[in-house]
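Step one of this worksheet: look at the structure below.
Each reported figure results from applying straightforward, stated rules to the coordinates on display, with no laboratory input. Because the structure is a prediction, the values reported are computed rather than measured. So basically every Cβ, Gly included, is an ideal-geometry build from the backbone, and we count neighbours across all protein chains shown.
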Amino acid sequence: MDRPTEDDAARRDWMGLLARAPAEALQKLWGDAGATPRFSWLRPPETGAVMVRGRAGGVGAVFNLGEMTVTRASLALDCGAVGHAWVQGRDRRKAEIAALVDALMQTAAAPRLRAQVLAPLAEAERARRDARARKAAATQVAFFTMARGDA
């Protein structure tokens, strides 16, 4: 089996970002980018369910947590680049856009899409994560122990 490359890690990162992005934000950024590549469907958007598995505390035995609805899509650009997407929920348009971005990120259009679509999505995700962390930190309780007498 081949070892993952730096390109694989970069692709995994942008595909994860696209999957986590709010659909409205992705659609707006995609529209603003003005990309309209010609493509053919390898697998049109289809909705199904996947089993979500977990581990208590990140270690230990794996258990089935439950099912989650996902939409997947695969397409090929006229230039031959292939894009895939798996997104949570039933949003077929989000899956289509995510697959288009994935395919275009493998072409000469990558720098433009990185700047116009991926960078703003990453910044918005970072801002949401920071806001959530600040909110959680505000509820933190600090416990301390006082020593009595000679120890």
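Within the stretch 32-72, which residues have the backbone N less than 14 Å from the label spot 7 Å out from Ala23 along Cα→beta-carbon, could you tell me?
Correct set: 45-48, 69-72.
Compute the length gained on full extension between Trp41 and Arg129: take 0.36 nm times their separation in residues and subtract their Cα-Cα distance, giving the result in nm to one decimal.
Separation in residues times 0.36 nm, less the Cα-Cα distance, equals 28.2 nm.
For the chain, which semi-axes, largest first and in whole Å, follow from the square roots of 5 times the eigenvalues of its Cα gyration tensor?
Value: 38, 20, 16 Å, ordered largest first.
Hey, with R₀ at 22 Å, roughly what FRET efficiency would Met51 and Arg93 work out to, going by the Cβ-Cβ distance, to 0.05?
Here the calculated transfer efficiency is 0.30.
Round to a whole angstrom and tell me the spacing of the C-alpha centers of the stretch 32-96 and the stretch 116-130.
Result: 20 Å between the Cα centres.
Say we join alpha carbon atoms closer than 10 Å with springs in a Gaussian network model of the chain; which of Val70, Val50, Val82 then has the biggest fluctuation?
Val50
For the chain, with a Gaussian network of springs between Cα atoms less than 10 Å apart, report the residue from Ala23, Ala49, Ala98 with the top mean-square fluctuation.
Ala49
Please report the relative contact order for the chain, taking Cα pairs under 8 Å with a sequence separation of at least 6, and give it as a percent rounded to a whole number.
22
For the chain, what does -39500 (n - 2.57) per DSSP helix run (n ≥ 4), summed and divided by total residues, give at 222 nm, in deg cm²/dmol to the nearest 500?
It lands at -13000 deg cm²/dmol.
Of Ala115, Ala76, Ala131, which is the most mobile in a GNM of the chain whose springs link Cα atoms less than 10 angstrom apart?
Among Ala115, Ala76, Ala131, the largest GNM mean-square fluctuation belongs to Ala131.
Would you mind ranking Ser40, Ser74 by Cβ crowding within 10 Å, fewest neighbours first?
The order, fewest Cβ neighbours first, is Ser40, Ser74.
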